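Down below is the structure, laid out as structure tokens.
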Amino acid sequence: MLKILVRAMLVLAMASPAAAQAVRTVPLNANDLAYSPLTGRLYASVAASNSVVEIDPIAGTIGTSIPVGSTPNRLAISDTGEYLYVGLDGLPGVVRVHLPSRTVGTPFTLGLPHPSQGPRRAHRLAVLPGNPDAVAVARRFSGPSPIPAGVAVYDLGVPRALETPINDSGSSIAFGASAARLYGFQNETTGFRFSRMDVTPSGVTIVENTQDLISGFNADIEYVGGRLFATSGRVIDPEARTIVTTLPNVGSAISAVEATASAIFYLSVTGNAWQLRAFDPTSLTLVAEGPIPGGFGLPLSLVAAGADMLAVATGTADVYLIRPSLVPAAPPILTIATPTTGTTLVAESATITLAGTAADANGTVTSVHWATTRGYSGVANGTTEWTAGDIPLALGSNVIAVTATDDTGQTSVDSLDVTVTGFSSFLAEGATGSFFDYDLALANPSMVSVDAAISFFTQGGATVTQTMTLPAQSRRTIRVDEVPGLADTTMSTSVRTTTAPIVVERTMRWGQTPDAQYGAHGDKATAGSARRWYFAEGSQGFFFTYLLLANPGNTANTATIDWLVEGAASVQRTVQLPPASRTTIDAGADAALVGRSFGIVVNFSEPAVAERAMYFGTPPDVLFKAGHDSAGVTTPSTQWFLAEGATGPFFETFILLANPNPQAVDVNLRFITQTGAEVTRTVTVFGLARLTVNLEALTPAAPELANAAVSTIVTAAQPIVAERAQYWPGGGADWYEAHNSFGSVAAARKWGLAEGRVGNPPGIPPASYQTYVLLANPGTVPAAVTITFLRESGAPVVRTFAVAAGTRRNVAVAGAGSMVPELVDEHFGALIESDQPIVVERALYGNAGTQVFGLGTNATATPLP
């Protein structure tokens, strides 16, 4: 309710001429302020006139001056508002004033002086709740050294017998829920002790001292609702002596705090700029903030002076009166957090994904947009946590400006200057020998010739390099088994160009002999190495899961792996990686993972690459009867697009969701079909866990998906990771092949594919290959799509297709009679261009002997600038 009220007042103020009265000044040099709800007046201690001066906070006028004694400083008011206690630094001592009659009582002193530090004076005052005749005084010796002189309680000026020792209790004090509990914070020495104190008719005693709860010289504390709020921003539970939180953006600057039942107000000063922030006292969320125009000096005291009024004493020429409801609303706060919090980055990628946060204390962030200096722009997924996926990059400087807009039209911008020095692609998986064959596919969709430098990093530590020239709009295959030095090994692969980006994919086939291959998987290359990688899929038991780690750098690396187990606690492991190497992690060698399904998060100490391969099948059946592989992704997102998916008697499709957040996440699944029928479901993924969704076992059941070609749009309340795995034929006992892909985080207008096969291309065992380009249009406008098929020889073949809004379409490349009959017995790539943002994947199938589609691979297309 507080947020709604504050927001409503701020919006009203922005449209009202009264906004000019958000801040007023009263020409008075005050050391401290106190407000009486009984008289409705502020009281200011003014040392120059040895008086307490009344201020009408509504009119902003100065009233009666009450002489109180020498050098008045600290003030405290009774909870009835009837009595004001005034610390007199000149006496030194304390005097009480009856405010309705303006009657000044008899001053009293505060105990014996220190031999070298002089007499005791009042450092802080706190009137006992429910007892206006008693006041607690945190005393300090008047000398230059910061020596607290103990806390004592005085009844009408008479000290109670028990008081705390010198230098062993708080310099700042505040009563808790009753007069029996007093809290203190020692803010003048580096011990920074927090004290709980008992107050009885005999006096005050320390229950215990605790360190490391609050810190900061001269920090003050305020109590409300069972919590203590420090000017440093630290919030603690004073009875449990635990830290609740540290409020943002208040502790790094000079701050004053006023804790009320309706809001916790902080006035912070950075340089010469004043900023007011209000936090909900229960949830501790930021509910309002804005600049205080004209503020000057440092806040010595911040007090609430009735409804919608704050007063500030600075010890300079003015007292400030602030109406929080009229403070101009601050714009949203936007931060780019991934891949860097810095302002510049050097990359070797044709696209980049940014992620970060946006917040608006006064309202709601309605959108996050991005734009680059190279002419590209788009909308990010999410608002408070946002992801801007696959932003196109060009060689040289690319300044990306990300803009958050709130519901009043205010904006804020954060930017990143990405310098592209080349284009690098990485594949962590790769194997050759008598069991595996490895084909590397390279496609150049550009109109210029491109030279590609290729490096293979073997598990044994050797590096093999070669170069290749790709003519404009062409496609090439490297049979890695035939490359000298790579005939029987496992490896990772990098491909680098310096003139234009190309598309890189890998296909691996396997079987007992090259002419009897029965399994295949493939994937596109990742766009560069990174320190963190995420996976949604993984299972050990029926499946064999391998994590493939490529360290392309020349220094040793460390991988910390978090296995996000479905239905159980996460498991963490650490692995050391040699320089310029590839390392295989077998999940089956870890007892904590056997019989479990899981997502995976990999954190490297230095940038590297992670993939995951999964297989099933053991003798007496064949080894690795089927399998699939995917590189990880470097950034979770609130939205994922999965173009491929099929159900019915032949295919079975699963959506895998991994939640790297500690809290549970609600996820909406929108399924779009080739016929235009749509189905939506909502699921919950627990924190640090993963969830499996079978498209044919939804709750409630979805007849529209019983036998359909389907794409899936995943939308989550917080960033997650999403993959799709597909198996065939029939149920699990009959499966003999599979493929898998991550989703795309953004629809785009231009995509590239490097791998495609039709018929029986030369140089590989015959398998009667068929390729399907899968086009998903998640938008509300029909898409006109042009596909340029890139060949290893001969001119490209161009076709156009229409994809209705909210549907998915298959483009079949299957030889004579198919949609592209010109392609016969050959390898090819593809450039896909659309007038509307779409999502593209490629599914490739081949027969393994008598097994229809016994070989199958899938890859998400590569977004292109």
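The values are calculated or read from the model by the stated rules, or taken from the named source; none is laboratory data. Quantities reported herein were computed from a predicted structural model and do not represent experimental measurements. Reconstructed Cβ throughout: ideal geometry from the backbone, glycine too, with neighbour counts over all protein chains shown. Ligands, DNA and RNA are excluded from the accessible area calculation, which covers all protein heavy atoms including side chains. Shrake-Rupley method; radii C 1.70, N 1.55, O 1.52, S 1.80 Å.
Put a dot 7 Å past the Cα of Glu208, heading toward its Cβ, do the same for Ala569, and the two dots end up 2.6 nm apart. Here the spin labels are modelled as points 7 Å beyond Cα on the Cα-Cβ line, and at Asn554 and Asn272 they lie 5.1 nm apart. Set the Förster radius R0 to 56 Å, insert the Cβ-Cβ distance between Thr25 and Ala664 as r into 1/(1 + (r/R0)^6), and round the FRET efficiency to 0.05. Approximately 0.65, to the nearest 0.05. Between Ser116 and Phe217, the contour length at 0.36 nm per residue exceeds the Cα-Cα span by 34.1 nm. Our summary gives region 60-213 a relative contact order of 14 percent, counting only alpha carbon pairs under 8 angstrom and 6 or more residues apart. Dividing the mean sequence gap of close Cα pairs (under 8 Å, 6+ apart) by how many residues region 570-685 holds gives a relative contact order of 13 percent.
Once the C-beta distance of Phe686 and Val448 is scaled by a Förster radius of 45 Å, the resulting FRET efficiency is 0.35 to the nearest 0.05. Normalised size of region 196-245, defined as Cα radius of gyration per 2.2 N^0.38 Å with N residues, equals 1.21. Neighbours of Leu698 by Cβ distance under 12 Å: Lys/Arg scored +1, Asp/Glu scored -1, total -1.
Where a ≥ b ≥ c are the square roots of the eigenvalues of the C-alpha gyration tensor, would you call region 704-791 rounded, which needs a/c under 1.5, or, failing that, prolate if a/b is larger than b/c, or oblate?
On the way: a/c = 1.98, a/b = 1.20, b/c = 1.65.
Oblate is the answer for region 704-791, as a/c is 1.5 or above yet b/c matches or exceeds a/b.
Taking a ≥ b ≥ c as the square roots of the Cα gyration tensor eigenvalues, with a/c under 1.5 meaning rounded and otherwise prolate when a/b beats b/c, else oblate, which class fits region 474-529? Intermediate values should be presented prior to the final figure.
Values: a/c = 2.14, a/b = 1.82, b/c = 1.18.
Judged from the Cα gyration tensor, region 474-529 comes out prolate (a/c at least 1.5, a/b above b/c).
Between the alpha-carbon centres of region 807-829 and region 352-373 there is a gap of 41 Å.
Cα centroid separation, region 45-111 to region 175-242: 26 Å.
The stretch between Thr850 and Asp488, if pulled fully straight at 0.36 nm per residue, gains 127.5 nm over its current Cα-Cα span. Of the accessible area of the chain, with the probe set at 1.4 angstrom, what percent is carbon plus sulfur? The value for the chain is 56 percent carbon and sulfur by accessible area.
What is the mean projected area of the alpha carbon convex hull for region 139-205, to one decimal in square nanometres? All intermediate terms of the calculation are to be shown ahead of the outcome.
Working: hull surface 18.2 nm².
The Cα convex hull of region 139-205, projected and averaged over all directions, gives 4.5 nm².
Between region 593-659 and region 742-775, the C-alpha centres lie 19 angstrom from each other. When the alpha carbon coordinates of the chain are projected onto the principal axes, the ranges are 108, 57, 51 Å, largest first.
In the chain, Cα pairs under 8 Å separated by at least six residues give a relative contact order of 8 percent.
Taking amide H as placed 1.01 Å from N in the peptide plane, Thr675 has no amide H partner under 5 Å among residues 5 or more places away or on another chain. Per residue, the accessible area of the chain comes to 36 Å², computed with a 1.4 Å probe over protein heavy atoms only.
Arrange the peptides 523-533, 764-774 so that the one whose residues have, on average, the most other Cβ atoms within 10 Å appears first. List each step's numbers first, then the result.
Working: 523-533: 23.5, 764-774: 20.7.
In decreasing order of mean packing, 523-533, 764-774 become 523-533, 764-774.
Distant-in-sequence amide contacts of Glu566, defined by a placed amide H-H separation under 5 Å and a gap of 5 or more residues or a different chain, comprise Ser597, Phe598, Gly599, Arg690. Dividing the Cα radius of gyration of region 310-413 by its Kirkwood radius returns 1.17 for Rg/Rh. Angle of helix 2-14 to the longest C-alpha principal axis of the chain, folded into 0 to 90 degrees and rounded to 10: 80°. Summarising the label geometry, the points placed 7 Å from Cα in the beta-carbon direction at Asp590 and Val158 lie 7.2 nm from one another.
Remark: C-alpha extents of region 237-295 on the principal axes read 40, 22, 15 Å, sorted largest to smallest. For region 761-849, the C-alpha radius of gyration divided by 2.2 N^0.38 Å, with N the number of residues, is 1.15.
Show that you can apply the helix-only estimate: for the chain, add -39,500 (n - 2.57) for every DSSP H stretch of four or more residues, divide by all residues, and state [θ] at 222 nm to the nearest 500.
Details: 1 runs with 13 residues, N = 865.
Mean residue ellipticity, 222 nm, calculated: -500 deg cm²/dmol.
Using a 10 Å cut-off on Cβ atoms, rank the peptides 645-655, 628-638 from the highest mean neighbour count down. Write out the running numbers ahead of the final one.
Details: 645-655: 19.8, 628-638: 25.4.
Ranking the peptides 645-655, 628-638 by packing returns 628-638, 645-655.
Taking square-rooted eigenvalues a ≥ b ≥ c of the alpha carbon gyration tensor, is region 156-285 rounded, prolate or oblate, where a/c under 1.5 means rounded and, failing that, a/b exceeding b/c means prolate? Since a/c reaches 1.5 and a/b is larger than b/c, the shape of region 156-285 is classed as prolate.
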